[in-house]
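So the structure is just underneath, and the comments pick up after that.
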Amino acid sequence: MAGGRTRWWAARATVVALAALVPAVAGCAGQEGIGDPPRVAPGFLQQHESLPTDVLGTWYLNRGGQRVTLVLNDQGGEPGGSVSAEGGKDDFPLEAFQFSTPQGQPTTLAFRALEDRTITWYRLQVEDGVVTGRVARTANYVLPDISAFQGQLTGWRAETFNADIVPRTFDIAIDGQWQAILRVDAAAGAFAGQLKLYADGNGALSEQLLEDVTVTAWDGSTLSFVRSVAAGSEQYTGKVAGRLITGTVHSASRSAPTAWHGQRAEIFSHGVGARSSQALIDWQAHTRSRLMRLMMDGAPAPLTSSTAVLSTRAPVPQLAVPATRDDAFASWPQSYQLDEVQWQYTLPNAYGADPLTRVAHGYVAVPTTAPPVGGFPLAVALNGHGGSALADFDPNNPSYWYGDAFARRGYVVVAVDIGHRPLGDRSSLYGDELAGDDPNNGNGNHPAIAAAGFASDWEEDGERAWDALRALDYVLSRTDVDPTRITVVGLSMGGEVADLVGAIDLRVQATLAAGDPPDLAVMQLHGNHPCFDWLRGNVREYFDPSDLHALVAPRTLIRETGAVDTVYSNSTWPYASAKQVIRRAQPAFDALGGTLLHYLHDGAHLFCVGDTTSGAATAAGVTAPMETAPSASEASPTAWESDPTTMALSATSLFDLLPR
């Protein structure tokens, strides 16, 4: 006996799929009521064995929208622990442990708890400080069939992400008047802080410029910082408890202190201060692994794959080329052909014997000219909302003509359809896009990667990025392609996915993301399409776009935005919100090298390359902001964010800056 409850636990075995844990309780007899003492089921081994050390500790879970704290510990050589609702008074003991640590796979863990007279069974996969899993509720102590595990959860381990006191990010509410992102880091032997007000006290969007704040004390538990305001200054003090923080604000303009509170956010953040090159390399490796675990169910390689070339055709005819095109297209003939391609893959199924199936569709442009020495450069083109792989090659498309532009310049280009799931696979997030983005050209709805009877363990952006990675596999099998000259490119949602592909896949030498989301906190209130969001948690709890950018270093990242683009921000010219993102990513490139460029053109929500002299919607040449960070000489410390001054680079167009 331990803690008044019998512990069940199983010896370690090589178990890869969660379904493989089910046979361990086959033959459980009886239907025990929740008031009866549990009986040891046939097939369980009773022996003293501890959980792996990287599993022990405190885990903060998002269980179907409910915040839960899970504690896993070692009680005299036996697995133990408790679970409790965040802010609740009761800790419910855990029992009936099973776990396995297969070589090269995440630890698989199962247990139960009697929570408010209901048996809750947990099945978890734990890897590198993050956890995914499922829960089932039963009225008795018998481990239910795998089909009962319909609830989903994600979470992270406190000991992993609290090991260093910086960087830290909190999503906070201030005095019932503001919501803000607070970032704390180390810089130049001291602490640095940034505060971004993004909403009012009612949760309505009210975006303000990014402020630097003065951090006067931070030890991982107690925080103090000073914010400069028009009336003088505000003194903030706060105390951390778990993933939460609470505190007070003292101001000379108010007779009594006011309150602020918040919770951890962006736990994957590389921070806003400088890091050593080795620290950044380590952070990159861990962050890629964690992203793939949470967004792609670990990004499994296909069990099988097949490719069918459905048709071969000439390029889409050039009819009414939009004025927004600035790639000097008339100087570059369409010397390529288009192959329409369908890919089909099978993937592992954690909930049954039959493998999962994924089907993707796209086009591959191949130059009709002889390949250069070493092979053609390669581009992966990703469409945004309302587009398709074919639209990427449409010279007349006002938004997604970049596939055609790359193909004209001698690239092999693979464009894979990027889109949305059917309504039943994402109805809790959004209800539009019922037929898909461009169904007439092959980009209809994309069924989720999911076992029959289960919601998907993948996020939509994870599926989109995985499709692009597999399409890249296909074109790299060609002998006329140079694997050292690969660019991924996209606009809007395509830029969002390009960020992920460039961050995760080291084969990509350059990421060109245009008009992609700059600030997820603002996006969630701005009326933007929520397809970037997660079904099994809050994406903002884990990362910010600047973290994806930092994963690209030391390769090439070109982030392009229009000076008058209000798609992601109500703030208008001369404000450019992407400046904040680039500033946060800059320390990674300072430490590791590579090219980080913010191409700030004078257009709107467009893809531009700058290779034009007249007739286009933007000026010729490649321009970058003059001011990219606060300057001591500025009268206002936030002036750099709304400084419209740009400088012209020597490049004729963005193509000069890409591997080709």
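The values are calculated or read from the model by the stated rules, or taken from the named source; none is laboratory data. Remember, it's a predicted structure, so these values are computed and weren't measured experimentally. With ideal geometry, Cβ positions are generated from the backbone for all residues, glycine too; neighbour counts draw on all protein chains shown. What goes into the accessible areas is simple: the full protein's heavy atoms, side chains included, and nothing from ligands, DNA or RNA. Shrake-Rupley method; radii C 1.70, N 1.55, O 1.52, S 1.80 Å.
Whether a residue is crowded, with 17+ Cβ neighbours inside 10 Å and closer than 30 Å to Asn441 by Cβ was assessed, and Pro317 does not pass this test. In the condition set (1) open to solvent by less than 30 Å² (accessible area, probe 1.4 Å); (2) out of contact with any Gly (no Cβ under 6 Å at 6 or more places or on another chain); (3) of a type in the set (Gly, Ala, Ser); (4) closer than 29 Å to Pro322 by Cα, Gly537 is compliant with all but (4). Taking segment 378-396 as the range and being of a type outside the set (D, E, K, R), surrounded by fewer than 24 Cβ atoms within 10 Å (Cβ to Cβ) and either in contact with a Cys (Cβ under 6 Å, 6 or more places away or on another chain) or closer than 22 Å to Ser331 by Cα (or both) as the test, the residues that pass are Pro395, Asn396.
Listed here are the residues, each with its yes/no results for (1) open to solvent by less than 10 Å² (accessible area, probe 1.4 Å); (2) within 20 Å of Pro377 (Cα to Cα); (3) in contact (Cβ under 8 Å) with a residue 60 or more places away in the chain.
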site	(1), (2), (3)
Val475	yes, yes, yes
Ile486	yes, yes, yes
Gly502	yes, yes, no
Asp505	no, yes, no
Val508	yes, yes, yes
Ala513	yes, yes, no
Ala521	yes, no, yes
Leu525	no, no, yes
Pro530	no, no, yes
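I'd like to verify a number: residues in segment 615-638 that are modelled with pLDDT of 85 or more and either open to solvent by 40 Å² or more (accessible area, probe 1.4 Å) or within 30 Å of the chain's Cα centre (by Cα) (or both), how many? Summing the residues that are modelled with pLDDT of 85 or more and either open to solvent by 40 Å² or more (accessible area, probe 1.4 Å) or within 30 Å of the chain's Cα centre (by Cα) (or both) in segment 615-638 gives 14. Annotation: of all residues in segment 321-339 being open to solvent by less than 70 Å² (accessible area, probe 1.4 Å) and of a type in the set (A, V, I, L, M, F, W, C), the one that is nearest to Leu606 (Cα to Cα) is Ala323. Based on what the data block shows, is Val564 of a type in the set (Val, Ile, Thr), in contact with a Phe, Trp or Tyr (Cβ under 7 Å, 6 or more places away or on another chain) and open to solvent by less than 10 Å² (accessible area, probe 1.4 Å)? Taking the combined requirement at face value, the residue does not satisfy it. Can you tell me which residue is most open to solvent (accessible area, probe 1.4 Å) among those in segment 267-300 that are of a type in the set (S, T, N, Q) and in contact with a helix residue (DSSP H, G or I) (Cβ under 6 Å, 6 or more places away or on another chain)? Within segment 267-300, the match that is most open to solvent (accessible area, probe 1.4 Å) is Ser277.
Every residue, every condition in (1) among the β-branched types (Val, Ile, Thr); (2) closer than 28 Å to Leu525 by Cα; (3) at pLDDT 95 or above, yes or no:
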site: Val413; (1), (2), (3): yes, no, yes
site: Gly424; (1), (2), (3): no, yes, no
site: Ser428; (1), (2), (3): no, yes, no
site: Glu433; (1), (2), (3): no, yes, no
site: Ala450; (1), (2), (3): no, no, yes
site: Trp458; (1), (2), (3): no, yes, yes
site: Asp467; (1), (2), (3): no, no, yes
site: Ala471; (1), (2), (3): no, no, yes
site: Pro483; (1), (2), (3): no, no, yes
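Might you let me know whether segment 166-181 holds any residue that is without any contact (Cβ under 8 Å) to a residue 24 or more places away in the chain and open to solvent by 20 Å² or more (accessible area, probe 1.4 Å)? No, segment 166-181 contains no residue that is without any contact (Cβ under 8 Å) to a residue 24 or more places away in the chain and open to solvent by 20 Å² or more (accessible area, probe 1.4 Å). Just to be sure I understand, how many residues within segment 182-191 are surrounded by 14 or more Cβ atoms within 10 Å (Cβ to Cβ) and out of contact with any Ser or Thr (no Cβ under 9 Å at 6 or more places or on another chain)? The number of residues fulfilling the criteria is 2.
All of Arg660, Arg584 fail the test of being surrounded by 15 or more Cβ atoms within 10 Å (Cβ to Cβ), part of a loop (DSSP other than H, G, I, E, B), of a type in the set (D, E, K, R) and touching a strand residue (DSSP E or B) at 6+ places or on another chain (Cβ under 9 Å), apart from Arg660.
If I filter segment 9-21 for residues that are modelled with pLDDT of 50 or more and either closer than 24 Å to Thr160 by Cβ or not in a helix (DSSP H, G or I) (or both), do I get at least one hit? Scanning segment 9-21, I find no residue that is modelled with pLDDT of 50 or more and either closer than 24 Å to Thr160 by Cβ or not in a helix (DSSP H, G or I) (or both), so the answer is no. Among residues that are open to solvent by 50 Å² or more (accessible area, probe 1.4 Å) and free of Cβ contacts under 8 Å to residues at least 12 places away in the same chain, Ala139 is not included.
Working carefully through the options Gln103, Gln75, find the one that is open to solvent by 10 Å² or more (accessible area, probe 1.4 Å) and in contact with a strand residue (DSSP E or B) (Cβ under 6 Å, 6 or more places away or on another chain). Being open to solvent by 10 Å² or more (accessible area, probe 1.4 Å) and in contact with a strand residue (DSSP E or B) (Cβ under 6 Å, 6 or more places away or on another chain) holds for just one of Gln103, Gln75, which is Gln75. There is no residue in segment 356-366 that is part of a loop (DSSP other than H, G, I, E, B), open to solvent by 10 Å² or more (accessible area, probe 1.4 Å) and either of a type in the set (D, E, K, R) or more than 25 Å from Thr511 (Cα to Cα) (or both). Selection over segment 248-266 of residues that are open to solvent by less than 40 Å² (accessible area, probe 1.4 Å) and among the basic types (Lys, Arg) gives a count of 1. Take the conditions farther than 23 Å from Pro302 by Cα, open to solvent by 20 Å² or more (accessible area, probe 1.4 Å) and either outside any loop (DSSP other than H, G, I, E, B) or in contact with a Lys or Arg (Cβ under 8 Å, 6 or more places away or on another chain) (or both) and apply them to Gly424. Does it pass? It is true that Gly424 is farther than 23 Å from Pro302 by Cα, open to solvent by 20 Å² or more (accessible area, probe 1.4 Å) and either outside any loop (DSSP other than H, G, I, E, B) or in contact with a Lys or Arg (Cβ under 8 Å, 6 or more places away or on another chain) (or both). If you go through segment 589-599 and keep only what is over 22 Å from Gly515 (Cβ atoms), open to solvent by less than 30 Å² (accessible area, probe 1.4 Å) and either of a type in the set (A, V, I, L, M) or under 20 Å from the mean Cα position of the chain (by Cα) (or both), you end up with nothing.
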